[in-house]
Amino acid sequence: MPDLHYFWERYPMTKIILIRHGNVEGIEPERFRGRAELELTALSVAQATVTAQRIGASWQPCAVFTSPLSRCVSTGKLIADTCGVGSEPIDGLIDLDYGTWQ
């Protein structure tokens, strides 16, 4: 069996790390949040900070891409700042529009 490290060094692969924003509040009763602009709570900022530290210690990201929703941009910025890379919102990453279900 060939040594996989040889292939990874010779043919580096792109790794994509998917992270979800943390806790948000604001919609009662609970239902789809979709595109509603909800701010991160203190708990979710702490969650994003720990996540950013873990990512920075385990990987070397070259960029962070987020949904344009503020909760996602805030989470992505914490990760990007910790890792010393840029963060860019991309419209195509936005959540579904659930309409009146939201």
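Here are some notes:
- Being of a type outside the set (Ser, Thr, Tyr), in contact with an Asp or Glu (Cβ under 8 Å, 6 or more places away or on another chain) and surrounded by 14 or more Cβ atoms within 10 Å (Cβ to Cβ) is true of Ala52.
- Cβ-Cβ distances below 9 Å connect the following pairs, each with a first residue in region 5-21 that is open to solvent by 100 Å² or more (accessible area, probe 1.4 Å) and at pLDDT below 90, a second residue that is among the hydrophobic types (A, V, I, L, M, F, W, C) and in a loop (DSSP other than H, G, I, E, B), and a separation of six or more residues or different chains: Lys15/Trp59.
Here is a yes/no grid of residues against (1) more than 24 Å from Thr100 (Cβ to Cβ); (2) open to solvent by 80 Å² or more (accessible area, probe 1.4 Å); (3) in a loop (DSSP other than H, G, I, E, B); (4) modelled with pLDDT of 90 or more:
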residue	(1), (2), (3), (4)
Arg33	no, no, yes, no
Leu43	yes, yes, no, yes
Ala46	yes, no, no, yes
Pro68	no, no, yes, yes
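- Residues satisfying the criterion are present in region 84-91 (criterion: in contact with a helix residue (DSSP H, G or I) (Cβ under 9 Å, 6 or more places away or on another chain), within 23 Å of Pro12 (Cα to Cα) and of a type in the set (A, V, I, L, M)).
- Among the residues making up region 72-85, a single one is part of a loop (DSSP other than H, G, I, E, B) and either open to solvent by 50 Å² or more (accessible area, probe 1.4 Å) or farther than 17 Å from Ala57 by Cα (or both): Gly84.
- Residue match in region 87-97 (condition: assigned to a helix (DSSP H, G or I), among the acidic types (Asp, Glu) and without any contact (Cβ under 8 Å) to a residue 24 or more places away in the chain): yes
The values are calculated or read from the model by the stated rules, or taken from the named source; none is laboratory data. What you see is a predicted model, and the numbers here were worked out from it, not measured in a lab. Heads up, the Cβs are rebuilt from the backbone with ideal geometry, glycines too, and the neighbour counts pull from every protein chain shown. Each accessible area value is taken on the protein alone, full model and side chains, heavy atoms only, with ligands, DNA and RNA left out. Shrake-Rupley method; radii C 1.70, N 1.55, O 1.52, S 1.80 Å.
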